[in-house]
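Bear in mind these aren't lab numbers, they're just calculated from the coordinates by the rules spelled out. This is a predicted model, so every value here is computed, not measured. Here the Cβ positions follow ideal geometry from the backbone for every residue, glycine too, while neighbour counts run over all protein chains shown.
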Amino acid sequence: MEKPILRIEGVKKRQGGGFSLDIPRLEFQKGGAYSITGPNGSGKTTLLNILNLLERPDDGNIFFYEGKVTTFNSLDIRRKMGMVMENPYLFHTTVYKNMALGLKCRFVDRMMWKSQVEEALRMVGLRDFEKRYAPDLSRGESQRVAIARILAFRPEVLFLDEPFSNIDRKHVNLLEGLIKAIIEKYQTTVIFTTHDLAQAQRLADETISLMDGRIVAEPIGGA
């Protein structure tokens, strides 16, 4: 097996009220799909934020392609990752400008912006949406634009925090198909949180189940 694209060892995170995330070891392969399941308060989002380098663990180490993540290289590594939140924020401007901002922040050549935006929008089924005003989009369309905004810069790791909540069955099916297409086309590693165990089994190569901040052997769902 190839060396993992992302690995954590001995990661602990203490929170107010005594909650502690305690993960001895996890690793993620390039082009793999991973689900993180568990009830509310189990640590899913905290783990996702640590993997995405948005939160620092109190103890432990994170490795990207076997290189240890440090204060000095974390920003460069974060530019190779992207995260879509449960309720993604879109700026009050056009879809194109929303997506171009992500490319600008990652120093993508301006000459490539148009083609990469168009390709990403095609992938999410929103061809010719560049001039649409983002706040006018439906919830399902907004979710897909948020994913396209990340896809436009072609991340090596894509994080999705409860991407399927509060959207209808039609859009759930579309997003599930999109995740499979992203992995197949770009060999992107996809890591997502979900309460839906059946969905986790459909999409993920591996399911990581959390309870009280710790990995448990049996998958656990939750509302």
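The table that follows gives values for the structure above.
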{"item": "Distance in nm between pseudo-label sites at Asp128 and Asp205 (7 Å out along the Cβ direction from Cα)", "result": "3.8 nm"}
{"item": "For Val84, residues with placed amide H under 5 Å, excluding near neighbours", "result": "Phe159, Leu160, Asp161"}
{"item": "Under 19 Å between alpha carbons - lysine pairs in the chain that sit 8 or more apart or on different chains", "result": "20"}
{"item": "Gaussian network model of the chain, Cα within-10 Å springs - most flexible of Met85, Met111, Met99", "result": "Met111"}
{"item": "Label-point gap, in nm, between Glu2 and Met85 - each point 7 angstrom along Cα→Cβ", "result": "3.2 nm"}
{"item": "Whether the stretch 106-220 is rounded, prolate or oblate, judged on the alpha carbon gyration tensor where a/c under 1.5 counts as rounded", "result": "prolate"}
{"item": "Computed over the chain: relative contact order in percent, which uses C-alpha pairs under 8 Å that are six or more apart", "result": "32 percent"}
{"item": "Cα long-axis angle, helix 113-123 against the chain (0 to 90 degrees, to the nearest 10)", "result": "70 degrees"}
{"item": "Most mobile listed residue (Ala198, Ala100, Ala120) in the chain, GNM with C-alpha springs under 10 Å", "result": "Ala198"}
{"item": "Neighbourhood net charge (14 Å Cβ-Cβ; Lys/Arg +1, Asp/Glu -1) for Leu75", "result": "+4"}
{"item": "Rounded to whole Hz, the Karplus (6.51, -1.76, 1.60) HN-Hα couplings of the stretch 160-165, x for glycine and proline", "result": "10, 9, 6, x, 9, 6"}
{"item": "Computed label-point distance, nm, for sites Cys105 and Gln187 using a 7 Å Cα→Cβ extension", "result": "2.7 nm"}
{"item": "GNM top mover of Arg122, Arg202, Arg14 - the chain, alpha-carbon springs below 10 Å", "result": "Arg202"}
{"item": "Potential lengthening between Ser20 and Glu176 on full extension [0.36 nm per residue; Cα-Cα distance subtracted]", "result": "53.0 nm"}
